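The values are calculated or read from the model by the stated rules, or taken from the named source; none is laboratory data. What you see is a predicted model; the values in this text were computed from it and never measured. Note that each Cβ is placed from the backbone with ideal geometry, even for glycine, and that neighbours are counted across all protein chains shown. In case anyone asks, the SASA skips ligands and DNA or RNA and just uses the protein heavy atoms, side chains included. Shrake-Rupley method; radii C 1.70, N 1.55, O 1.52, S 1.80 Å.
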Amino acid sequence: MPVPVICTTLLIEKSPQALPLGAACVASAINHSPELKDKCEVSLKAFCLEDKDFPKESVLAAKYIAEKLIEKAESAEQVVFCFSCFVWNIKILSAAAKILRAKGYVCIAGGPEITAHPSFYKDFDYTVSGEGEVSVPKLISEILMKKSEKSDRVIISPSPDLTVIHSPYLDGIIDPSEYEGALWELARGCPFKCAYCYESKGEKTVRLFPMERIKAELELFAKKKVPQVFVLDPTYNVNKKRAVELLRLIAKKTPDTFYYFEARAELMDRELAREFTSIPCALQIGLQSANEQTLKLVNRPFDKKKFCKGLSILNEEGVTFGLDLIFGLPGESFGSFRDGIDFAISQYPNNLEIFCLSVLPGTDLFDRAESLGLVWEKEPPYHVIKTKEFTPDDMKRAEKLSKACSYFYNAGRAVPWFNSVCRVLKYKPAKLFELFYNEYSEICEKSCAKGCCEPHLEIEKIQLAFLQGQFKSKNLMRYYQATEDIVKFYGAISRTTDTGKSETITLNYDAEYVASDYASDIRYFTENLRPKKNRIQTFRNKGQVDFKKI
């Protein structure tokens with residue numbers, strides 16, 4: 001009778017970004033292992049923190065997972081459980097494994113958190129460091145043949161040849177329709193060695209999946225009408241020729257699917273930017289810090305001139321992009337962190353994601369953290385508590401700016417008008433975020449806690465109330481009517497873009513001027529144009545959003 005092998009993990013949410021790809025890849029590899037043919041019955045079981053019946057308390061959650069896995073094993077005499085472990089789920093999964101081991105089941109663990117320090121976690125029978133597609137099937141074969149000794153519980157896995165790795169999508173192990181999208185591997189590895197990343201100690205090479213597999217997966221995405229795909233390559237555009245080739249293939253096979261890429265601004269040129277405009281997509285670009293000395297300390301190359309040029313090209317070509325910042329990096333003061341926010345917003349990103357630094361075990365930064373003056377949590381998520389330059393109070397202040405930015409700028413869709421408003425108020429972006437948090441801290445906290453699911457129109461009302469107060473306090477109310485128009489106009493355009501539904505709004509100034517470049521200078525706009533009440537209706541026409549006066 002085949003031995004049940006259950007590949008499992010715990011997801012933060014059920015979404016394309018949280019899809020259990022690692023566990024699915026291992027399941028696919030086990031299925032295709034010649035040594036395990038007819039010996040195993042492989043299945044995938046993913047738990048989710050958002051499931052209605054999933055316990056909120058960690059101890060109960062571990063017990064729940066263990067009980068459900070035992071039920072899935074159907075009382076088989078021998079069962080092997082393979083856990084895919086990350087920073088956010090390791091505590092619960094290791095506790096669940098401890099319960100299962102006490103009942104005589106074999107537990108194997110892999111994933112980024114295990115790879116980081118495989119000898120640390122003792123609640124599993126075996127830990128696998130590295131990519132598991134070759135080593136896990138081999139280990140299971142040895143377990144079934146009674147050839148594996150518990151003294152060899154740590155397995156260091158070599159990087160497999162990607163030409164022989166099977167796709168869990170093509171195998172039917174995982175259905176992207178179930179998650180309303182897909183995580184997509186085009187390559188593994190990274191040419192850069194950023195100290196805070198798991199890739200910091202890896203080989204400085206990029207291994208490519210074969211084009212035959214990529215084309216077949218695209219055909220599957222097209223057949224299933226997958227709405228969105230998150231490309232996992234840490235630097236999609238490191239190989240421009242291949243990046244262009246794949247974008248043209250994507251445009252041909254899945255023209256209606258929205259893609260998310262991670263890219264380097266310094267490697268962007270006009271030709272590549274125009275290829276990005278041929279498909280529905282958005283890029284996320286890691287700035288991390290605008291402090292060049294800080295970036296040197298974490299081995300992240302940065303050419304500010306090339307970086308700005310790359311972003312300028314993206315803006316000129318109309319490519320949507322966001323930026324990332326990290327607070328708590330070595331050598332970064334709170335002042336230079338604020339400067340980083342100001343610099344990032346000045347580049348007109350569609351969103352600005354601001355994170356606390358995690359000192360991840362297994363990274364180069366982890367090895368050097370104490371010498372760099374970092375103090376951090378010794379358990380997941382390993383957040384920095386303080387540095388030589390960043391006090392604990394600074395960390396709290398940075399987190400507040402992050403939450404204000406997330407609500408007011410990102411969820412508030414403020415990119416078309418935010419810099420214009422800052423200029424007329426004579427505030428730098430970080431200052432405006434600070435003032436907003438001070439006035440609306442409760443809203444920022446609640447929004448971040450629940451993932452900001454508030455309707456945009458409600459956020460817009462709060463933005464306008466806040467801005468009206470700021471204009472009034474600075475005796476600049478003569479400029480508020482124009483500001484209100486710009487916020488309302490672009491808000492309506494963005495909502496129609498999202499939903500396709502028309503909206504009707506009333507403006508103080510002629511809509512043609514509000515929609516023009518004149519509106520980028522609110523002072524000039526107000527001082528050279530007379531108010532003219534008018535109503536407009538937004539609408540979608542051939543995929544584009546426009547407006548008409550009514």
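How many residues are open to solvent by less than 50 Å² (accessible area, probe 1.4 Å), free of Cβ contacts under 8 Å to residues at least 40 places away in the same chain and not aromatic (F, W, Y) when one looks only at the stretch 435-454?
Our first condition is that a residue be open to solvent by less than 50 Å² (accessible area, probe 1.4 Å); within the stretch 435-454, this holds for 435-437, 440-441, 444, 447, 452.
Filter once more, keeping what is free of Cβ contacts under 8 Å to residues at least 40 places away in the same chain: 435-437, 440.
Still in the list and also not aromatic (F, W, Y): 435.
Looking only at that region, the number is 1.
Condition check for A369 on (1) within 22 Å of the chain's Cα centre (by Cα); (2) open to solvent by less than 20 Å² (accessible area, probe 1.4 Å): one failure, at (1). Only one of the listed residues (I155, I165) is over 30 Å from S289 (Cα atoms), in contact (Cβ under 8 Å) with a residue 40 or more places away in the chain and open to solvent by less than 40 Å² (accessible area, probe 1.4 Å). That residue is I165. Set side by side, the residues D394, D342, D364 differ, and just one is surrounded by fewer than 23 Cβ atoms within 10 Å (Cβ to Cβ), within 21 Å of L476 (Cβ to Cβ) and touching a residue at least 40 places away in the same chain (Cβ under 8 Å), which is D342. Of L311, L323, all but one fail to be open to solvent by less than 10 Å² (accessible area, probe 1.4 Å), touching a residue at least 40 places away in the same chain (Cβ under 8 Å) and out of contact with any Ser or Thr (no Cβ under 9 Å at 6 or more places or on another chain); the exception is L311.
Quick check, is I522 over 30 Å from I279 (Cβ atoms), at pLDDT below 95 and among the aliphatic types (A, V, I, L, M)? It is false that I522 is over 30 Å from I279 (Cβ atoms), at pLDDT below 95 and among the aliphatic types (A, V, I, L, M).
I173 passes every criterion in (1) closer than 29 Å to Y121 by Cβ; (2) open to solvent by less than 60 Å² (accessible area, probe 1.4 Å); (3) modelled with pLDDT under 95 apart from (3). In the stretch 455-477, the residue that is modelled with the lowest pLDDT out of those that are assigned to a loop (DSSP other than H, G, I, E, B) and open to solvent by 60 Å² or more (accessible area, probe 1.4 Å) is P455.
Residues that are assigned to a helix (DSSP H, G or I), touching a helix residue (DSSP H, G or I) at 6+ places or on another chain (Cβ under 8 Å) and of a type in the set (S, T, Y) are absent from the stretch 144-163. Each residue in the stretch 177-228 was checked for being farther than 20 Å from E262 by Cβ, among the polar types (S, T, N, Q) and in a loop (DSSP other than H, G, I, E, B), and 0 of them qualify. Within the stretch 500-544, the set of residues being without any contact (Cβ under 8 Å) to a residue 40 or more places away in the chain, polar (S, T, N, Q) and either closer than 25 Å to R423 by Cα or in contact with a strand residue (DSSP E or B) (Cβ under 9 Å, 6 or more places away or on another chain) (or both) comprises S502, T506, N508, S516, N528, N534, Q537. Screening Y409, Y427 for residues that are open to solvent by 10 Å² or more (accessible area, probe 1.4 Å) and either outside any helix (DSSP H, G or I) or within 27 Å of R523 (Cα to Cα) (or both) leaves exactly one candidate, Y427.
I want to confirm something. Restricting to the stretch 392-431 and keeping residues that are among the aliphatic types (A, V, I, L, M) and touching a strand residue (DSSP E or B) at 6+ places or on another chain (Cβ under 8 Å), which single residue is nearest to E454 (Cα to Cα)? Write out each step before concluding.
Within the stretch 392-431, the first condition is being among the aliphatic types (A, V, I, L, M), and the residues that meet it are 395, 398, 401, 404, 411, 414-415, 421, 424-425, 430.
Imposing the further condition that a residue be touching a strand residue (DSSP E or B) at 6+ places or on another chain (Cβ under 8 Å) reduces the set to 395, 398, 401.
Numbers: M395: 26, A398: 23, L401: 19 Å.
Checking each candidate, the answer is L401.
Looking across T504, T499, one residue alone is modelled with pLDDT under 95 and exposed (fewer than 12 other Cβ atoms within 10 Å of the Cβ). It is T499.
Note on the stretch 1-53: residues that are touching a Phe, Trp or Tyr at 6+ places or on another chain (Cβ under 6 Å) and over 20 Å from I114 (Cβ atoms) total 2.
Could you run through the stretch 441-454 and say how many residues are farther than 9 Å from K403 by Cβ, touching a helix residue (DSSP H, G or I) at 6+ places or on another chain (Cβ under 7 Å), at pLDDT below 90 and not in a loop (DSSP other than H, G, I, E, B)? Lay out the reasoning, then the answer.
Taking the stretch 441-454 first, the residues farther than 9 Å from K403 by Cβ are 442-443, 446, 449-454.
From what is left, the residues that are touching a helix residue (DSSP H, G or I) at 6+ places or on another chain (Cβ under 7 Å) are 443, 452, 454.
After this cut, where a residue has to be at pLDDT below 90 as well, the list is 452, 454.
With the extra rule that they be not in a loop (DSSP other than H, G, I, E, B), the set shrinks to none.
Of the residues in that region, 0 qualify.
The set of residues in the stretch 312-328 that are within 23 Å of C190 (Cβ to Cβ) and part of a loop (DSSP other than H, G, I, E, B) comprises V319, G328. Here F209 does not qualify as closer than 24 Å to V87 by Cβ and surrounded by fewer than 21 Cβ atoms within 10 Å (Cβ to Cβ).
Kindly indicate whether I443 is under 25 Å from the mean Cα position of the chain (by Cα), under 28 Å from R540 (Cα atoms) and of a type in the set (V, I, T).
On the way: under 25 Å from the mean Cα position of the chain (by Cα): yes; under 28 Å from R540 (Cα atoms): no; of a type in the set (V, I, T): yes.
So I443 does not fit the description; no.
Anything in the stretch 515-533 that is over 35 Å from the mean Cα position of the chain (by Cα) and open to solvent by less than 100 Å² (accessible area, probe 1.4 Å)? List them, or say none. Matches in the stretch 515-533: R523, F525, T526, N528, L529, P531. Annotation note: of K309, K252, the sole residue that is over 26 Å from L183 (Cα atoms), of a type outside the set (A, V, I, L, M, F, W, C) and in a helix (DSSP H, G or I) is K309. Return yes or no: is E266 touching a residue at least 12 places away in the same chain (Cβ under 8 Å), more than 23 Å from G172 (Cα to Cα), among the charged types (D, E, K, R) and outside any strand (DSSP E or B)? Criteria met by E266.
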